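Novice: Right, I'll just put the structure down here and ask away after.
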Amino acid sequence: MRKKIVAGNWKMNMTFSEAEELLALIASELENKDNLPCEVIACPPSVYLEMATDFAEESNFLIGAQNVSQFEKGAYTGEISAPMLQSIDVDYCIVGHSERRKYFGESDEMLAGKVDKLLDFNIIPIFCCGEQLEDRKNENYFDVVRSQLKNGIFHLNSNEFSNVVVAYEPVWAIGTGKTASPQQAQEMHRFIRNLIADEYGEKTSGGTTILYGGSCNAGNAAELFSQKDVDGGLIGGASLKAGEFLKIVNSF
Ligand code: PGA
């Protein structure tokens, strides 16, 4: 179902006590708020997920992991599985973030496997796609995003696909302070929605949540979120301060 979402991707930041403090602030701000403008998700590092789900249960937000294994269980030292995330009530999981693709060699094939595992265990994948700066300069950014979606999620049947959230994150905008213009974001979100329509039909396409990510902050969120095909944001740096994150939540 298409919804408005603001999700905070904390990446590899925060000590335990800092994480606890940030979660407590978010929890107390969102507590007793039944008519929030969007669904709110926090994606802390995996060691804090259980603490995070405890905070979330007492408040009005949900918890996402930043990564998951494509394997279900067994001899995969260091990995965290979808059933583990499910067993501590994690609702969402980011998949295919450009930092995972770049620094940890995650291939489209691995990402497709991760998406499958998450869906097997009722966790909603937030599937990231987005082009590099060169792709934009060479004007092949549509091809890059098309191929990421085709290889990562278009193998799903339409029932499965209806449980996926897509996040468009141009790599040149991530952590750089150079956000995509609202027009650039809308153009790509429209393109993604059209691709989904070609693959799964208008109804599924119209029901898909597509988030924008890349230097989204309290100053530019409202304009980005007002674009027709932008359903919210995946927020990195600006999700680490409760005040700024909550301003973004209220940007619809
Ligand atoms: P940023 O990161 O908001 O710090 O640019 C977004 C992301 O990588 O999800």
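Novice: Just to verify a result, which residue in the stretch 130-164, among those that are under 23 Å from I235 (Cα atoms) and aliphatic (A, V, I, L, M), is surrounded by the most Cβ atoms within 10 Å (Cβ to Cβ)?
Specialist: Out of the qualifying residues, it is I153.
Novice: Count, please, the residues in the stretch 200-218 that happen to be open to solvent by less than 30 Å² (accessible area, probe 1.4 Å) and within 16 Å of the ligand (Cβ to nearest atom).
Specialist: The number of residues fulfilling the criteria is 8.
Novice: Need the failing condition index for N122 against (1) away from the ligand (no atom under 16 Å from the Cβ); (2) not in a loop (DSSP other than H, G, I, E, B), just the number.
Specialist: With (1) away from the ligand (no atom under 16 Å from the Cβ); (2) not in a loop (DSSP other than H, G, I, E, B) applied to N122, the lone miss is (2).
Novice: Just one of A197, A221, A167 is surrounded by 16 or more Cβ atoms within 10 Å (Cβ to Cβ) and either in contact with a helix residue (DSSP H, G or I) (Cβ under 9 Å, 6 or more places away or on another chain) or of a type in the set (D, E) (or both); which is it? I'd like the intermediate steps shown before the answer.
Specialist: Working: A197 fails: surrounded by 16 or more Cβ atoms within 10 Å (Cβ to Cβ); A167 fails: either in contact with a helix residue (DSSP H, G or I) (Cβ under 9 Å, 6 or more places away or on another chain) or of a type in the set (D, E) (or both).
Matching residue, one of A197, A221, A167: A221.
Novice: Within the stretch 115-129, restricting attention to residues that are open to solvent by less than 10 Å² (accessible area, probe 1.4 Å) and not aromatic (F, W, Y), which residue is nearest to D91 (Cα to Cα)?
Specialist: We begin by selecting, within the stretch 115-129, every residue open to solvent by less than 10 Å² (accessible area, probe 1.4 Å); these are 115, 118, 123, 125-129.
Add one more test, that the residue is not aromatic (F, W, Y), and what stays is 115, 118, 123, 125-126, 128-129.
Values: V115: 13, L118: 10, I123: 5, P125: 9, I126: 11, C128: 17, C129: 20 Å.
Here the residue is I123.
Novice: Considering the stretch 170-181 alone, what residues qualify as being open to solvent by 20 Å² or more (accessible area, probe 1.4 Å) and either under 19 Å from E223 (Cβ atoms) or among the polar types (S, T, N, Q) (or both)? Give the derivation first.
Specialist: Keep residues of the stretch 170-181 that are open to solvent by 20 Å² or more (accessible area, probe 1.4 Å), which gives 171-172, 174-179, 181.
W172, I174, T176, G177, K178, T179, S181 - these are the residues of the stretch 170-181 that are open to solvent by 20 Å² or more (accessible area, probe 1.4 Å) and either under 19 Å from E223 (Cβ atoms) or among the polar types (S, T, N, Q) (or both).
Novice: So, in the stretch 226-243, how many residues would count as being open to solvent by 10 Å² or more (accessible area, probe 1.4 Å) and away from the ligand (no atom under 11 Å from the Cβ)?
Specialist: If we filter the stretch 226-243 for residues that are open to solvent by 10 Å² or more (accessible area, probe 1.4 Å), which is where we start, we get 226-228, 236-238, 240-243.
Next, from what is left, pick out any that are away from the ligand (no atom under 11 Å from the Cβ): 226-228, 241-243.
Residues flagged as open to solvent by 10 Å² or more (accessible area, probe 1.4 Å) and away from the ligand (no atom under 11 Å from the Cβ) within the stretch 226-243 amount to 6.
Novice: How many residues does the stretch 15-36 contain that are touching a residue at least 24 places away in the same chain (Cβ under 8 Å), within 27 Å of V166 (Cβ to Cβ) and either open to solvent by 50 Å² or more (accessible area, probe 1.4 Å) or among the acidic types (D, E) (or both)?
Specialist: The total comes to 1.
The values are calculated or read from the model by the stated rules, or taken from the named source; none is laboratory data. In this text the structure is predicted, and so the values were computed from the model without any measurement. A quick note on method: Cβ atoms are made from the backbone with ideal geometry, for glycine too, and the neighbour counts reach across all protein chains shown. What goes into the accessible areas is simple: the full protein's heavy atoms, side chains included, and nothing from ligands, DNA or RNA. Shrake-Rupley method; radii C 1.70, N 1.55, O 1.52, S 1.80 Å.
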